[in-house]
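Okay, so here's the structure we're looking at.
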Amino acid sequence: MPDTRSNTKRWLRHPHETALRMDSRPLFSLDESMTAPSPKDADIRPPAQRGAVFLDRDQTLNIDHGYTHLVDDFAWMPGAPDALSLFHRHGIACFIVTNQGGIGREIFTAAQMQAFNDHLVAQAGLAGGHIQDIAHCPHHPEAVSPAMRPPCGCRKPEPGLLLGLAAKWNIDLAASVMIGDRDSDLAAGRAAGCHAYMFDGTDLSGLARQVINRHFADSPGGDNA
């Protein structure tokens, strides 16, 4: 019978090797999920927060005819196409935040509003601009259904529309700007922590240049206009 004492003694000098030797189970199973992150996964990081521009819709971007919702009634406010083009060329994301209480009052439907918004977005693209996203509030104090009447957190001057977009798109509100034609627009922007500017209806592109120079001076792109 062979003498195994020397072999036993050799294994006992290496306790970690002994444990592996004595355990007949495989080191890992191909049936088990791997928990260690791959190099690609390790390189994934959430995008850094950046400032953005929030714009009211009616009487800021498009002419307001009173509960505007028909595509045939669409018309730009002065300087609006150039303003959107400027923001886009500087790499500044643009969002629309708009009260659309006509839905709650049943003057028009959400589908009609969506068709109007789709047309506006398409026209912005043709002008060299880009609308990243649109948020709206359908509520109104005179809504037909009590469920569609305020209080709510989204009807400006409440900041809910801006807060929701900021959470969705990882926006730095302190570095962002709200532009609108009403006090409620500015109040919503300030309540969300943004800078706020009143548009007087004359030339939105002029206001856009001021906003870029003051708050986005380090943004990429250039103004060749």
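List of remarks:
- When the range 192-210 is limited to residues that are touching a Leu at 6+ places or on another chain (Cβ under 8 Å) and more than 22 Å from I63 (Cα to Cα), the one that is surrounded by the most Cβ atoms within 10 Å (Cβ to Cβ) turns out to be C194.
- Looking at the range 1-104, the helices (runs of 4 or more DSSP H) lying wholly inside it that each contain 2 or more residues that are modelled with pLDDT of 95 or more and within 26 Å of K168 (Cα to Cα) sit at 80-89.
- Search result, residues across the range 203-218 that are touching a residue at least 40 places away in the same chain (Cβ under 8 Å) and not acidic (D, E): L204, S205, G206, L207, A208, R209, V211, I212, H215, F216
Matching residues to (1) in contact with a helix residue (DSSP H, G or I) (Cβ under 7 Å, 6 or more places away or on another chain); (2) crowded, with 20+ Cβ neighbours inside 10 Å; (3) of a type in the set (D, E):
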{"residue": "A124", "(1), (2), (3)": "yes, yes, no"}
{"residue": "A127", "(1), (2), (3)": "yes, no, no"}
{"residue": "R155", "(1), (2), (3)": "no, yes, no"}
{"residue": "W169", "(1), (2), (3)": "no, no, no"}
{"residue": "L173", "(1), (2), (3)": "yes, yes, no"}
{"residue": "I212", "(1), (2), (3)": "yes, yes, no"}
{"residue": "G221", "(1), (2), (3)": "yes, no, no"}
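- Considered as a group, the residues in the range 53-111 that are among the polar types (S, T, N, Q) and within 25 Å of E142 (Cβ to Cβ) include one that is surrounded by the fewest Cβ atoms within 10 Å (Cβ to Cβ), and that residue is T109.
- Annotation: G129 fulfils all but one of (1) touching a His at 6+ places or on another chain (Cβ under 9 Å); (2) within 17 Å of Y67 (Cβ to Cβ); the unmet one is (2).
The values are calculated or read from the model by the stated rules, or taken from the named source; none is laboratory data. Since the model is a prediction, treat every value here as computed from it, not as a measurement. Here Cβ is always computed from backbone atoms with ideal geometry, including for glycine, and neighbour counts include all displayed protein chains.
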